[in-house]
Structure formats: structure tokens, C-alpha cells
Amino acid sequence: MYCLAELAEALDLEFSGDASVVITALAPLATAGPGELSFVASKKYLGDLAATGAAVVIVHPDFAAQCPVNCLISETPYASYARVTQLYNNSPAVAPGIHTCAVVSEHADVHETAAIGPNTVVEGGAIIGEGVVLAANVYVGHDSRIGADSRVFPGVVIYHNVHVGERCIVHGGAILGADGFGFAPGPVGWEKICQLGGLRIGNNVEIGACTAIDRGALEHTVVEDGVIFDNQVHIAHNCHIGKNTAIAACAGIAGSTRIGANCTFSGMVGVVGHVNICDNVHFTGMTMVTKSISDPGSYSSGTPMSPTAEWKRNAVRFRQLESMQKRLARLEAKRET
Amino acid sequence: MYCLAELAEALDLEFSGDASVVITALAPLATAGPGELSFVASKKYLGDLAATGAAVVIVHPDFAAQCPVNCLISETPYASYARVTQLYNNSPAVAPGIHTCAVVSEHADVHETAAIGPNTVVEGGAIIGEGVVLAANVYVGHDSRIGADSRVFPGVVIYHNVHVGERCIVHGGAILGADGFGFAPGPVGWEKICQLGGLRIGNNVEIGACTAIDRGALEHTVVEDGVIFDNQVHIAHNCHIGKNTAIAACAGIAGSTRIGANCTFSGMVGVVGHVNICDNVHFTGMTMVTKSISDPGSYSSGTPMSPTAEWKRNAVRFRQLESMQKRLARLEAKRET
Amino acid sequence: MYCLAELAEALDLEFSGDASVVITALAPLATAGPGELSFVASKKYLGDLAATGAAVVIVHPDFAAQCPVNCLISETPYASYARVTQLYNNSPAVAPGIHTCAVVSEHADVHETAAIGPNTVVEGGAIIGEGVVLAANVYVGHDSRIGADSRVFPGVVIYHNVHVGERCIVHGGAILGADGFGFAPGPVGWEKICQLGGLRIGNNVEIGACTAIDRGALEHTVVEDGVIFDNQVHIAHNCHIGKNTAIAACAGIAGSTRIGANCTFSGMVGVVGHVNICDNVHFTGMTMVTKSISDPGSYSSGTPMSPTAEWKRNAVRFRQLESMQKRLARLEAKRET
């Protein structure tokens, strides 16, 4: 727990009010009470700010005068709030060392400050960096590497020849480096194309629960620094995901597609294979991306929700759009004559 | 195995026919043979009923006279059939006790009637209730609780501070309480918002394989009693899912959304964040839910399937709808003049 | 590593050029260098072929004359290339035997040539065939069977009464045989229908990471020989998937649906329950399949991606399609009068 002055110092921010007030917890602005810290990131919450019971609020300099309680003053209140959550992180700490029920190859290189949980398996040639936490029931395959200060939650499977960078977080059930979906039609069925490439993941990457990122067919699948993946995302073989791109839950990106930097995907977006998406593209939820994009901006597809009876009538007409267009053109032509 | 009279007593139903006939198995009405039990839940199967070879059929009182074989008479034949499946459940039983290959913290509280499978890890502060079964390779984090008679299948990961109620079933690969997808844009990339809330799951909840339900950012994510989730559902942080709501496979619900009671989701429905869905709403498959709903009823979106060549022609026209509408309006205006 | 003559013999192909050239690796045609093998599967890469630095290229007889380097001549270059990837497979080998940290029931039947990894659990009545590899942290339930030469990657959960055929590959996090989503509405909530059927998977089936295939309600869910599933596919109870069908990532198939042979699904396709899809059907990505299909061919649904502002205008009009159609009909009627 920190007092206001300590928080201000930790975040390198100015503050106003009682330097000694102790923050015991974080809470939403509308419900925060004594000892609690909150934040205002947008004008639309100024009403809540006026009525807040919080002990401390992180505010933009423009709103500081309107803050009725102690405040931390930040040009980026939301980012500052994020940093406070890190100070108040309550995720259980893990002591360094290899659990007696872990199975670590004598040919693996595990840093003495790393923590390896029970039933976790580390194969030969793997390199586990300084301060890494591999929780319980994790698997790290041959010649894979986990960079310093990364944390891998229970149930994660990391195949061979997968490199995970520093300060990454991999959530439960994520599968890194499984075979890409590569098959050639053969005389009696599908002929498997063994996936000989690996997977390279940069620093500061977070990977959500049950997300699967496949290894490459010949070259590596690549995830650059700072990329964040939500749960149940599928990244196919040979994709390249650019720096700081954010992909929300249940997205699926087909093989060999290249996504630029600083892109943001809402949930359930699907992207076909072998296309290029430039930097700074946003997709709204459930967008079906069927071609390359070279202009930054926001893209969408889909139809809006309606009551089912109404939707059915309109959906039928979707299948008549071509004929409606022709009828319209015919009427226009007649009109002209 | 039960005879007809025993089943009638167990289900508190009337029966008609040979009290001593023994039911060895359950089978679909059309294929059921000697010793087998089936049911009729709707008028459209009355033809199958007339021809059935089943030993016993569960029928509504209205159809009992038309049943050519022994019958159990129920106002709710489908629910009665469900109860019979429970009597004939063939899922292997698990003996109480802690497997020698389990890793249970001395600071965990495990009821003496609970069964803890091999390679299962239970952390300090966890409370495992009466009759609970944790199968093999399960992880239960610090201070989490599993209520009486709940069953957790292999490979499930339950993070810290997750409470699961009584009589719940959690299927393989489900991940409960991973971090929500919370990040603030920072000066050099995404700044992680540590997820300080927990996850609270009520009684009689079933969670399908590979379903992920995230913990809350500050407050808890909440799943009320009787909710059922199919496989590969994604529930984001701070969602609240109302009592007895059923969510079919591959649905994704974004953060802070509130779903009412008794809602039913077909597969692959997507719901945006921060909306409210009232009680008794049904979504057809793949619906894109982009706003709050305050009227019960059925809602849909999407376009109907067509042969690809035909679809392509119509899909192009979708992008011209606005201009088609304008052309139509122009023709109408001219017509009026 | 193989020289050209050895590869030609292994694949039963003719070759042209230096029989003794040694292939050290495989690479894409455009970037391949000395010692590397590539292939040309389509006319559109003939430009790359002319400029290639590869040591050996697999080419169709029609293009052999245009190959500037050594070549292997194949009627099916892509399938031949697949077979070469199998010769160069770099997935770490696993030695036979049961790891000391595996937990294998004395009532299981494990072939002496099978490999059972650390923390893997095999229950009573299970049969593990010749040459099978169960990696680390796998679970195989009671009375389940894994056929000869199948490979199961870490973190896979196989419930009881699931049969997997020969030469299958099951990737990390796949869940085979969890309960189907069967519930009857009861007086106080959902009444569980215990799933009494099993799961039967044929030979040469590959199952991707985090894919879940449910057991049947009464009868078995069935996957025929040669079917390939990508990651995060959901197959509900009582589905029947025909021979050599390929299902790309994130597809969801609802209960009791029957898919024919040789079908191909692009990513994120959704299929409703209780329909029949004939052989040789292709679905483009994100197609919503709401009815049975009896004519082979390609099917689609969805709307094309647009810039969001443009999409919004058109999407609004989708909800007016029925009224636009009526306005159009009215204009046509007036025109006729």
C-alpha cells in the first residue's frame, strides 16, 4: 500500500491534497470510497468526479480544478491508472526454484532466479531466462526459449523451437507453436506438410487464454514486440503481426497474412490468408477481411441486428439485391426515354 | 439398471405396462430395441412412436393412449428423459482421496470426501468442498473455492480468487479467471492494467471445453446460478451473466456487458462490451449484437447462405445499398412530379 | 539429409541433374539458396523458377524444361513436396517407454513400443497402440483407445470411451469427448442430459490446437478417416464428419449435423444443427450455414468489408431492404399503368 506522496513519486506525477492519505484499494469512480483511488479519462465522467467518494483521483491537468478530492495530475490518466494497478497487483507471487514435481531436462538451461512449478516439463535445449515464472502443468519443448521476466500460466503448451521474448505473459491454455494447417491433396487423401519453421515472439507480448499461434511451414511465424492478444485468438502459420498491434478475442487470421503495427482488432474478426494489412488499421467486431488494405483507417462488415422476424424479411431481399439493382436500372432507363 | 416400476418411483411418475421390464440402455425412438428406453417430446415423432421397438417410452399424458409399448407418463417428457440419463450416467466414478501424484498445499482446505486426481495442483488458501472431484492435471489457484459436489475435468485451469459454486461441471481445457484484456495506450506501447478483481460462479453452472471466463478488472466477473456454457465461449472481464442463461458454442461476449436471466444464445454470437441485454432474449446463430436490448424476444443478424457465384453478385450490391436507396428516392420524386 | 538420387528413389520420381547434390533444407522458391529444395505447383511461379537459386526444384513434367537447376519431376509437385517435408521433419523424436512421472493404470494396455510422457495419465481399460506417442501432461480416460503410430501432443484431454484411429495427430489443448451441450428445460432450471455415447475417430485424422470434439448423447460422434481439423474448431455431439473433409480454424458445427466426404471449410464457418451437407461442398470463410445442402459446389454468406463510415450507411439500408423492395415494386406497377 502506498500513500499519495509515494504514488506521485512512483509515477513521477504532481499531486494535490493530503500527501499522507493511504490508498488501500482501487475502485470505479462512481463507487469508490475512503482509501480508494480512481481515475477520470474522459470528459463524460466529470459528473461522477464531482460526486466521487474516492480518496484520490487521477485527473488530467484540465480537470484538476474540478476534482473535489485529492488528485494525481497526469497528462495520460488512463495510462497512469494502469501503472497504479501494477503497483497493487494481487496476483500471487511465486518463489524462485524448481519444484520437486517439475521435470526439467538436464540439457535445459534454467536461470537460477526462475521459478518452475509442479508438473511442469522443460525439454532439452530449452533456455529459461532470469526471473521467468513457469507455473504448474506447463510444457516447454526442445530448444525453446523464454525471455527474462516472462510469466507463463498453468496449462500452457510451448512446442519446440519457439522463442518467447522478455516480460511476456502467456495465459492458461495458450498453445504456442503447434503445426500450421498445411496439407497437399494426395492420391488417397491429404498429405501432411510437416511444419519445419518455428515461432518467434518479441518482448512485452501478452497472449490470452486458449489462444493458439502456429509455427511456420518453412520460415517462422513472427509476433513483434508489444503485441497483445485476447483469449481464443487463432494465428495461422507464417503470419507476421506488427508491433503493438492489439487483437481482441476470438479473431482468426489465416496463413501467411501480414498485419502491420498499431492495428486494433475488435472481437471475432476473420482475416483471409496471404493478404497485407498496413499499419494503423482498425477493424470493428466480426469484420470479414478478404483483401489487403493499404490505407490506414477503420473497416467493417456485417449486418446490424434486428428482431428475427424483421431480419428474415430483409435477409431474403439480400439474395435479391442483384435483381433489385437490375429492376432499378430498368426503371431509370425507362424514365430517361 | 432399473426396471420400469423403479424408474417410475425414482422420477415420481405414473407408468403403464409391465412393471418388471428392465431397462438396460437408452436409445433414440426410431432405433430403440428390447430393453431400451426412449421418449417422445413432440407431436412430430408420433409416427416413430407407433412403430417403436423400445421397451419403454416416456410420453406426455396426451399421447399415452397412442403408445404401443410400456410407458412412463410425464408432463415434461424431455426433462424426465434427462433425469433418466442421470440414472444411467456411465461417466467413470472417482474414489475420494488425494492421489499420491497430486500437489496439494498444506494451506489448502480439502474436504475428506473430495477426490483430487494425479498431477492436480491445489494452492494455498483454496477450499475444495464435500464430494468435489478434481480430475487429473487440474490447477486450482490461491484462495479459490470449489463448492460441494462440483466436478472439474482434466486440464482445467482455475486462477486465484475464483469461486465456483456447488454442483457445477467444468469441462477439459476451460480457463477460469485469466486476466481480462485491459491495457491503456502508453508512451511506448500498451500499459497493462492488472486485473485485480476475481470471478464468482454460482451453483449448477456447466462450463464447456476450452471456454474461458476472465476475472474482473476491479470488481468480479459474475456468473449466476444455473448458467450453461457450451465449448469455446469467451466471457470477458466484468461481464454479468444472469440466472439460467444458456450460451452455445463459440460465443464471445466483450467486457462489462450484462446479460439477463433465461437468455439463450445460438452458436457464434458476438456481443460488444458495455451493453445490457434484458431477460428472455434469444439470439440466432452468428448474430452481431451491437447495442443494448430492453425488449425480450428473438434477435438476428447476418446474411443467408447462397452459392458463391450468386452471393458475390449480391454482396457487391450490398456496398451500393446507399446509392440504390438514393436512386430509388430520385425515381419516386420524379414520379410524383 | 538426402542427395537428389536418394530423394528421387524415396519418392519414386524421375530426376534431372546432379544425382549427388545434397539437400540440407527446404525453402520457398524465391529465397532458396545452395543446398535447398523448393517446388513449383502453379504456372504463376514460373518467373520465380527462372530466377531460383535452389539446388533442386520439384516441377511438373510440363515445366521441367524451364527449370534452370536440378529437378525432381512429379505429376503432383505439391504432394511430392509434402512427402519431402516428412523426410525432413524436425519435430523431436520421442523414445519408447513409460516416463517415471507418468501415471498409467495397471488395467491399461500399453504397447511396449509406445512412449508415455511425464505427468501423462492413462486410465484403466485404455489401449495404447504400437508406436503411439503420448507427450507430457496428456490425459487418456477409461476404456479409450489410441491406434498405432498416432501422436498426441502435450495438454490433450481424451475422455473415457473415445477411440482414436491409427496415424492420427492430436495437437496441444485439444479436448476429445467432453460432454455435448444437452439440457432439457426443467421446473427450476436446466436439467442435464448425461452424454452416454462416445467418440469414434478414424485413421489419419489430424486435430488442431484447442479443437473440441464432443462425445455423443446416446450414439457416438463420428469422424471418418482422413479428416483434418485446424485449431479451435468445435464439433458438437452426434455430428458425423465424412472422409477426407478439411475444416479450417474456428469453425463451429452444431449437434447432429452430418457433413459429407471431401468437403472443405474455410475459417470461421458456422453450421446449424441437424442438417446434412453432401459430399464435395466448399464453404468460404465465415459462411453461416442454416440448411441442408444436396448439390456439391461452393457456398458463401456475409457482406464485404468497407471503410466503416461507408459500411454504416449501407448497413442501415440492409434493415430497409424489405421496404426498398416494396417501393421498387410500387414504381414498377405505376410504370406499367
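I'd like to know if segment A:232-249 contains one or more residues that are closer than 30 Å to residue C:118 by Cα and in contact with a helix residue (DSSP H, G or I) (Cβ under 7 Å, 6 or more places away or on another chain).
The first filter runs over segment A:232-249 and keeps only residues closer than 30 Å to residue C:118 by Cα, leaving A:232-237.
So of that shortlist, the ones also in contact with a helix residue (DSSP H, G or I) (Cβ under 7 Å, 6 or more places away or on another chain) come out as none.
The answer is no, given that none of the residues of segment A:232-249 is closer than 30 Å to residue C:118 by Cα and in contact with a helix residue (DSSP H, G or I) (Cβ under 7 Å, 6 or more places away or on another chain).
Do you know which of the residues in segment C:213-226 that are away from chain A (no Cβ under 14 Å) and not in a strand (DSSP E or B) is nearest to residue B:248 (Cα to Cα)? Break it down into steps so the answer makes sense when it comes.
Kept after step one, since they are away from chain A (no Cβ under 14 Å), are these residues of segment C:213-226: C:213-222.
Those left that are additionally not in a strand (DSSP E or B): C:214-220.
Details: C:214: 13, C:215: 16, C:216: 16, C:217: 16, C:218: 20, C:219: 21, C:220: 20 Å.
Here the answer is C:214.
Considering each residue of segment C:316-328, count those that are surrounded by 23 or more Cβ atoms within 10 Å (Cβ to Cβ) and under 27 Å from residue B:250 (Cα atoms), and give that number. Residues in segment C:316-328 being surrounded by 23 or more Cβ atoms within 10 Å (Cβ to Cβ) and under 27 Å from residue B:250 (Cα atoms): 1 in total.
Within segment B:182-193, how many residues are in a loop (DSSP other than H, G, I, E, B) and buried (at least 21 other Cβ atoms within 10 Å of the Cβ)? Steps first, answer last, please.
Pass one, segment B:182-193, residues in a loop (DSSP other than H, G, I, E, B): B:182, B:186-189, B:193.
From what's left, buried (at least 21 other Cβ atoms within 10 Å of the Cβ): B:182, B:193.
Selection size over segment B:182-193: 2.
Can residue C:148 be described as part of a loop (DSSP other than H, G, I, E, B), over 22 Å from the mean Cα position of the chain (by Cα), among the small types (Gly, Ala, Ser) and more than 25 Å from residue C:255 (Cβ to Cβ)?
Values: part of a loop (DSSP other than H, G, I, E, B): yes; over 22 Å from the mean Cα position of the chain (by Cα): no; among the small types (Gly, Ala, Ser): yes; more than 25 Å from residue C:255 (Cβ to Cβ): yes.
No; evaluated as a whole, the condition is false for this residue.
Just so you know, in segment C:160-169 the residues that are part of a loop (DSSP other than H, G, I, E, B), of a type outside the set (Gly, Ala, Ser) and within 14 Å of chain A (Cβ to nearest Cβ) include one that is surrounded by the most Cβ atoms within 10 Å (Cβ to Cβ), and it is C:168. Among the residues of segment A:286-314, those that are more than 15 Å from residue A:269 (Cβ to Cβ) and among the basic types (Lys, Arg) comprise A:312, A:313. Within segment B:170-212, if we keep just the residues that are touching a helix residue (DSSP H, G or I) at 6+ places or on another chain (Cβ under 9 Å) and modelled with pLDDT under 95, the residue that is farthest from the other protein chains (Cβ to nearest Cβ) turns out to be B:187.
The single residue among B:47, B:33, B:17 that is within 13 Å of chain C (Cβ to nearest Cβ), of a type outside the set (A, V, I, L, M) and over 20 Å from residue C:193 (Cβ atoms) turns out to be B:33. Considering only segment B:289-297, I want to know if a residue exists there that is under 22 Å from the mean Cα position of the chain (by Cα) and buried (at least 16 other Cβ atoms within 10 Å of the Cβ). Checking segment B:289-297: at least one residue is under 22 Å from the mean Cα position of the chain (by Cα) and buried (at least 16 other Cβ atoms within 10 Å of the Cβ). The selection criterion, being surrounded by fewer than 17 Cβ atoms within 10 Å (Cβ to Cβ), under 26 Å from residue C:234 (Cβ atoms) and not charged (D, E, K, R), holds for residue A:274. If we scan segment B:93-107, do we find a residue that is closer than 30 Å to residue B:4 by Cβ, over 20 Å from the mean Cα position of the chain (by Cα) and not acidic (Asp, Glu)? Yes, there is a match, as at least one residue in segment B:93-107 is closer than 30 Å to residue B:4 by Cβ, over 20 Å from the mean Cα position of the chain (by Cα) and not acidic (Asp, Glu).
Return yes when residue B:73 is under 15 Å from residue B:21 (Cα atoms), β-branched (Val, Ile, Thr) and touching a residue at least 24 places away in the same chain (Cβ under 8 Å) and no when it is not. Steps first, answer last, please.
Values: under 15 Å from residue B:21 (Cα atoms): no; β-branched (Val, Ile, Thr): yes; touching a residue at least 24 places away in the same chain (Cβ under 8 Å): yes.
Taking the combined requirement at face value, the residue does not satisfy it.
Restricting to segment A:270-298, name every residue that is closer than 16 Å to residue A:247 by Cβ and among the charged types (D, E, K, R). Correct list: A:279 only.
Scanning segment B:258-314 for residues that are in a strand (DSSP E or B) and either among the charged types (D, E, K, R) or facing chain A (nearest Cβ under 7 Å) (or both) yields B:258, B:270, B:288, B:289, B:297, B:298, B:299, B:300, B:306.
For (1) within 13 Å of chain A (Cβ to nearest Cβ); (2) hydroxyl-bearing (Ser, Thr, Tyr); (3) in a strand (DSSP E or B); (4) touching an Asp or Glu at 6+ places or on another chain (Cβ under 8 Å), each residue gets a yes or a no:
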residue: C:68; (1), (2), (3), (4): no, no, no, no
residue: C:71; (1), (2), (3), (4): no, no, yes, no
residue: C:75; (1), (2), (3), (4): yes, no, no, no
residue: C:78; (1), (2), (3), (4): yes, yes, no, no
residue: C:83; (1), (2), (3), (4): yes, no, no, yes
residue: C:92; (1), (2), (3), (4): yes, no, no, yes
residue: C:95; (1), (2), (3), (4): yes, no, no, no
residue: C:119; (1), (2), (3), (4): yes, no, no, no
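Based on this model, can you work out whether residue A:207 counts as crowded, with 24+ Cβ neighbours inside 10 Å, out of contact with any Gly (no Cβ under 9 Å at 6 or more places or on another chain) and either farther than 20 Å from residue B:209 by Cα or in contact (Cβ under 8 Å) with a residue 12 or more places away in the chain (or both)? Write out each step before concluding.
On the way: crowded, with 24+ Cβ neighbours inside 10 Å: yes; out of contact with any Gly (no Cβ under 9 Å at 6 or more places or on another chain): yes; either farther than 20 Å from residue B:209 by Cα or in contact (Cβ under 8 Å) with a residue 12 or more places away in the chain (or both): yes.
For residue A:207, the condition - crowded, with 24+ Cβ neighbours inside 10 Å, out of contact with any Gly (no Cβ under 9 Å at 6 or more places or on another chain) and either farther than 20 Å from residue B:209 by Cα or in contact (Cβ under 8 Å) with a residue 12 or more places away in the chain (or both) - is met.
Might you check whether a residue that is in a helix (DSSP H, G or I) and at pLDDT 95 or above occurs anywhere in segment B:10-30?
Our first condition is that a residue be in a helix (DSSP H, G or I); within segment B:10-30, this holds for B:10-11.
Now drop any that are not at pLDDT 95 or above, which leaves B:10-11.
There is at least one residue in segment B:10-30 that is in a helix (DSSP H, G or I) and at pLDDT 95 or above.
Return the residue satisfying two criteria in turn: it lies in segment A:3-46 and is hydroxyl-bearing (Ser, Thr, Tyr) and surrounded by 18 or more Cβ atoms within 10 Å (Cβ to Cβ), and of such residues it is nearest to residue B:184 (Cα to Cα). So, considering only residues that are hydroxyl-bearing (Ser, Thr, Tyr) and surrounded by 18 or more Cβ atoms within 10 Å (Cβ to Cβ), the one nearest to residue B:184 (Cα to Cα) is A:38. Checked against the criterion of being small (Gly, Ala, Ser) and either surrounded by 21 or more Cβ atoms within 10 Å (Cβ to Cβ) or touching a Cys at 6+ places or on another chain (Cβ under 8 Å) (or both), the candidates A:148, A:93, A:178 yield just one match: A:178.
Quick check, is residue C:131 surrounded by fewer than 24 Cβ atoms within 10 Å (Cβ to Cβ), more than 18 Å from residue C:199 (Cβ to Cβ) and at the interface with chain B (Cβ under 10 Å from one of its Cβ atoms)?
On the way: surrounded by fewer than 24 Cβ atoms within 10 Å (Cβ to Cβ): yes; more than 18 Å from residue C:199 (Cβ to Cβ): yes; at the interface with chain B (Cβ under 10 Å from one of its Cβ atoms): no.
So residue C:131 fails the test.
The residues in segment B:97-112 that are surrounded by 14 or more Cβ atoms within 10 Å (Cβ to Cβ) and not in a strand (DSSP E or B) can be counted, and the count is 6.
The values are calculated or read from the model by the stated rules, or taken from the named source; none is laboratory data. Remember, it's a predicted structure, so these values are computed and weren't measured experimentally. Positions of Cβ are generated from backbone atoms using ideal geometry, with glycine treated the same way; all protein chains shown enter the neighbour counts.
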